[in-house]
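What follows is one structure encoded as structure tokens, with my remarks underneath.
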Amino acid sequence: MPQTLSGPANPFRTSSEGLRLIVKLQPASRRNAILGRVEIADGQQALKIALTAPPVDGKANTALIAFIAKQFGLAKRSVEIERGLTDRVKRLHLRGDSEGLARQAKKLY
């Protein structure tokens, strides 16, 4: 059963298979970086991430998967974009130890 880490607006939610993460992507940026939390809609929070990759031919999505995998110490195959392939707001599923991923997520913002 999914658990919220600190409230319904939190961008991180644990699941039995890992962690779900809401991100707002800022492609074609000067650098790859986590820019903090932002509100996206109805009080929902997202982790804002800037990437140098352009939003063309899936390059930003590929870069996002690699960036998140590196931040969490996961293999790229353990990170999946569940929603928002063509949107800036995306829901990611990170497969792995829920508690360990949640601790790591809290360090990112």
Handout entry: Carbon and sulfur %, accessible surface of the chain computed with the full protein complex present, 1.4 Å
Key = 47 percent
Problem - Phi to ³J(HN,Hα) by Karplus 6.51 cos²θ - 1.76 cosθ + 1.60 over region 60-76, Hz, x for Gly, Pro - result: 5, 5, 4, 5, 4, 4, 5, 5, 5, 4, 5, 4, 9, x, 10, 6, 4
Exercise for the section: Pull up all non-local amide H partners of THR52: gap of 5 or more, or a different chain, and H-to-H distance under 5 Å with H placed in the peptide plane. Expected result: SER29, ASN32
Completion exercise
Highest mean packing first, using Cβ neighbours within 10 angstrom, the peptides 11-23, 84-96, 58-70, 28-40 sort as 11-23, 58-70, 84-96, 28-40
Handout entry: J(HN,Hα) series, region 16-32, from Karplus relation 6.51 cos²θ - 1.76 cosθ + 1.60, nearest Hz, glycine and proline x
Key = 5, 9, x, 9, 9, 9, 9, 10, 10, 8, 10, x, 6, 8, 6, 8, 8
Fill in the blank from the handout: With x for Gly and Pro, the residue-by-residue ³J(HN,Hα) of region 37-42, computed from phi through the Karplus equation 6.51 cos²θ - 1.76 cosθ + 1.60 at θ = phi - 60° and given in whole Hz, is 9, 9, 8, 10, 5, 6
Fill in the blank from the handout: As a percent rounded to 5, the proportion of antiparallel DSSP bridges among beta bridges in the chain is 85 percent
Exercise for the section: Just add up the charged neighbours of GLU17: K/R +1, D/E -1, any other residue whose Cβ is under 13 Å from the Cβ of GLU17. Expected result: -1
Fill in the blank from the handout: The answer for the net charge of residues other than GLY100 whose Cβ lies under 14 angstrom from its Cβ, with Lys and Arg +1 and Asp and Glu -1, is +1
Fill in the blank from the handout: Kirkwood radius from Cα pairs of region 34-81 plugged into Stokes-Einstein at 10 °C, 1.306 mPa s, gives D in µm²/s equal to 134 µm²/s
Exercise for the section: Please give the calculated 222 nm ellipticity per residue for the chain, where each DSSP H segment of at least 4 residues contributes -39500 (n - 2.57) and the sum is spread over every residue; nearest 500 deg cm²/dmol? Expected result: -7000 deg cm²/dmol
Handout entry: Residues of region 1-102: accessible area per residue with a 1.4 Å probe, Å²
Key = 56 Å²
Handout entry: Tail beyond 18 Å, pair distance distribution of the chain (Cα, percent)
Key = 43 percent
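The values are calculated or read from the model by the stated rules, or taken from the named source; none is laboratory data. In this text, all values refer to a predicted model and were calculated from it rather than measured experimentally. Virtual Cβ from ideal backbone geometry, glycine too; neighbours counted across all protein chains shown. Calculation scope for accessible area: heavy atoms of the full protein, side chains included, ligands and nucleic acids excluded. Shrake-Rupley method; radii C 1.70, N 1.55, O 1.52, S 1.80 Å.
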